[in-house]
1. Counting Lys +1, Arg +1, Asp -1, Glu -1, what net charge surrounds Glu103 among other residues with beta carbon under 12 Å of its beta carbon?
2. Just how far, in whole angstrom, is the range 250-320 from the range 127-198 if you go by their alpha carbon centroids?
3. Find out how many positive minus negative residues lie around Pro22, taking Lys and Arg as positive, Asp and Glu as negative, among other residues whose Cβ is under 11 Å from that of Pro22.
4. Past 30 Å, Cα to Cα, is the threshold; run Lys67/Lys213; Lys108/Lys161; Lys73/Lys167; Lys98/Lys310 against it and keep the listed order.
5. Which order results if Thr180, Thr264 are arranged by neighbouring Cβ count within 10 Å, fewest first?
6. For labels at Gln70 and Cys169 in the simple 7 Å Cα→Cβ model, what's the distance in nm?
7. Once the piece of chain linking Lys190 and Glu318 is laid out straight, how much longer is it, given 0.36 nm per residue of separation minus the C-alpha distance between them?
Amino acid sequence: MTATDSDSDTNDSIIVKERNAPPDITFRRSNVADISFHPQNDLIAVADMDGQITLFEYSNEKNVAKKKLQIHKKTVRSMEFDSSGRHLYSGSKDRSFKITDLETGQIKLKVSKAHESPLNRVRPVNEFICATGDEDGMVKLWDPRSGQSVLECDDFTDIVKDLYVDKDCRLMIAASGEGTIMSYNVRGKKSDVQSEFYEGEMNCLAVVHHDSKLVCGCGDSRLYMYNWDQFGYHSADFPGHPDSVNDMVAVTDNVVITGCEDGTIRAVHLYPHRFLGAVGHHEGNFPIERLDVSSTGEFVASVSHDQKVKFWSIAYLENIDYNKTKKPFFNRMKHKIRRKDFKMLTAKEQEHQLPSSNRGNSKDFFGDL
C-alpha cells in the first residue's frame, strides 16, 4: 500500500490501493473487435472496428501504445500472434487476411480476397500452415509461403465461430454457428469427423484435463465436453450459465474462464464440474465478446461493447478450494421466475464474487457485522 499526503498541515492521508492488474484500455471512436496477448512479452494487440491494430505494452501502472497498424480497410474480425510473437495474423470483414512482421512493420503476406464472404476467424497453425473461416461456413488451410490455399471445406452452412489447433498441429477443430463442430486432419489436409447438431451456436473451444477433453461453449448456455479424437457426440455437458457462452479460455489444466451474454466473466472448474464464481463484469450488461489469457497466466483480458479492454488478475485461482460449488444462478425460494431480466438480475445478486470482480459478497458483508 502507498500513501499520499492530502494536506501538509494535517496528518490525514489518502490511501491509494495498489493495482493488481493493468488499467482499462479505452477507445473513444470505435469499439474493440478482438484482442491477442503476445506469447513472450508484456504486449497485447487490440483490433478495432475501423481496421486498425494497436500494440500496447501493459503493466499494473499504465498501458503504453507502442505501434499502430492500419492494415485493413474494414473491421478486423480476428487476429493472433504466432508462437514466436514476431508475426501477427489478421482477418477482416473486407475478406482479406494478412501476416504482418512486427519487427519490420512490413506485410509478409497479403491475400486480398481470401474468401467470398467476410472472414471471422484466423488461426496460425505452424510456420507452414494457417487457417481461416468465414461468415458462410467456409474453412480454408493456407500455405503462407505461397499464399495459396491447400484445403477448402464448405461442410458448414453458417458462420465459423472458432478454430482450435492441438499442440502437435495434427488436428484442427472448427466450431460453427449452425450448432456443430468439425475436426480436420491438418497433415492430411482433409476434413474428418463432424459432430451431431445442437440447439445453440457452437461459439468457442478450449482443451482441458491433460489435453484429453475438448470443451465447447454453446449458445444454449451449456459447456459440452468431448473426448479428444471422438468428436461425433459429447461425453458430458455442464449447464448453469444464465445465457450464451460467447468465448472461453483455458487458464489451468482444469479451469476455464468464460465470457457470457449477460456481461459476466466466470471461472469454471471442470472434472469435477464446479462454478468458482465471477471474475469480473463489464458495465451496462453488455455481452462479453472476446477473452484472452496472458502468457504467464496471470491476467485475463476481456472485450464487450463498451469500447474498453479490461484486465483481470486471476493469480488467486491457484489457491481456491475447488471442492465448493458456486452456481451462477439459483432460486433460493424455489419460485418459478418467468421474466428473463428479473432472473438475470437475481443471478447477479446471488452469484459468488471472486477477488478480481471488485464486487462484494453479501455473506462477507454480514459476516463483518
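1. The answer is +2.
2. 26 Å
3. Taking every other residue near Pro22 into account, the sum is -2.
4. Lys67/Lys213; Lys73/Lys167
5. With the sparsest Cβ surroundings first, the list reads Thr180, Thr264.
6. 3.5 nm
7. 42.1 nm is the gain from fully extending Lys190 to Glu318.
Quick note: the coordinates plus some simple rules give every number you see, no bench work behind them. Please read these numbers as outputs of a predicted model, since none were measured by experiment. In this analysis, Cβ positions are derived from the backbone assuming ideal geometry, glycine residues included, and neighbour counts consider all displayed protein chains.
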